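Presented below is the structure to which this report refers.
The values are calculated or read from the model by the stated rules, or taken from the named source; none is laboratory data. Treat the numbers as computed from the prediction; the structure is a model and nothing was measured. Please note: Cβ atoms are built from the backbone with ideal geometry, for glycine as well, and neighbour counts cover all protein chains shown.
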Amino acid sequence: MAGTRVCYKDAPHVALTVRLIHTWNRGDIDHAIMSASSGPKDYVKNIVYALFESSPALDAVSMVRASGPPFFLLRIGRSYYSMDKREVEAAGGRLK
């Protein structure tokens, strides 16, 4: 599977090639998951749910991975942002 090159908009020389794990759109997770046996998938869904709850402008959350642990990219309109709210550019304009 081919990856997508991403970089900070203000630092195009610093780039990663990431692979998309999953994208959640607003409304895909309609509630937090409360369970005594919550596993890693439930924790991830709760994080995604909390991101949507905290940002009404957020359209999608994508989990991606380069060579280390996975991380999230946030999409508002046609723009992507890192978790520290820096704008990110994706090759071709979209994560694939």
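Condition test on I76, is it surrounded by 13 or more Cβ atoms within 10 Å (Cβ to Cβ), among the β-branched types (V, I, T), modelled with pLDDT of 95 or more and in contact with an Asp or Glu (Cβ under 7 Å, 6 or more places away or on another chain)?
Considered against the rule, which asks whether it is surrounded by 13 or more Cβ atoms within 10 Å (Cβ to Cβ), among the β-branched types (V, I, T), modelled with pLDDT of 95 or more and in contact with an Asp or Glu (Cβ under 7 Å, 6 or more places away or on another chain), I76 comes out as yes.
Criterion first (surrounded by 15 or more Cβ atoms within 10 Å (Cβ to Cβ) and either polar (S, T, N, Q) or under 25 Å from V14 (Cβ atoms) (or both)) does R86 satisfy it?
no
Taking segment 24-42 only, how many residues are at pLDDT below 95 and under 13 Å from M63 (Cα atoms)?
1
Could you tell me whether R5 is without any contact (Cβ under 8 Å) to a residue 60 or more places away in the chain, in contact with a strand residue (DSSP E or B) (Cβ under 6 Å, 6 or more places away or on another chain) and either loosely packed, with under 12 Cβ neighbours inside 10 Å or over 14 Å from L74 (Cα atoms) (or both)?
no
Return yes or no: is S54 loosely packed, with under 14 Cβ neighbours inside 10 Å and of a type in the set (S, T, N, Q)?
Spelling it out, S54 is indeed loosely packed, with under 14 Cβ neighbours inside 10 Å and of a type in the set (S, T, N, Q).
Residues of segment 30-66 being under 29 Å from V14 (Cα atoms), part of a loop (DSSP other than H, G, I, E, B) and without any contact (Cβ under 8 Å) to a residue 40 or more places away in the chain, which ones?
Result: S55, A57, L58, D59.
So which pairs qualify, if the first residue must be in segment 67-87 and among the aliphatic types (A, V, I, L, M), the second must be assigned to a loop (DSSP other than H, G, I, E, B) and surrounded by 14 or more Cβ atoms within 10 Å (Cβ to Cβ), the Cβ gap must be under 8 Å, and the two must be at least 6 apart or on different chains?
If the second residue must be assigned to a loop (DSSP other than H, G, I, E, B) and surrounded by 14 or more Cβ atoms within 10 Å (Cβ to Cβ), the pairs left are L73/S82; L73/L95; L74/S55; L74/L58; L74/S82; I76/S55; I76/L58; I76/D59.
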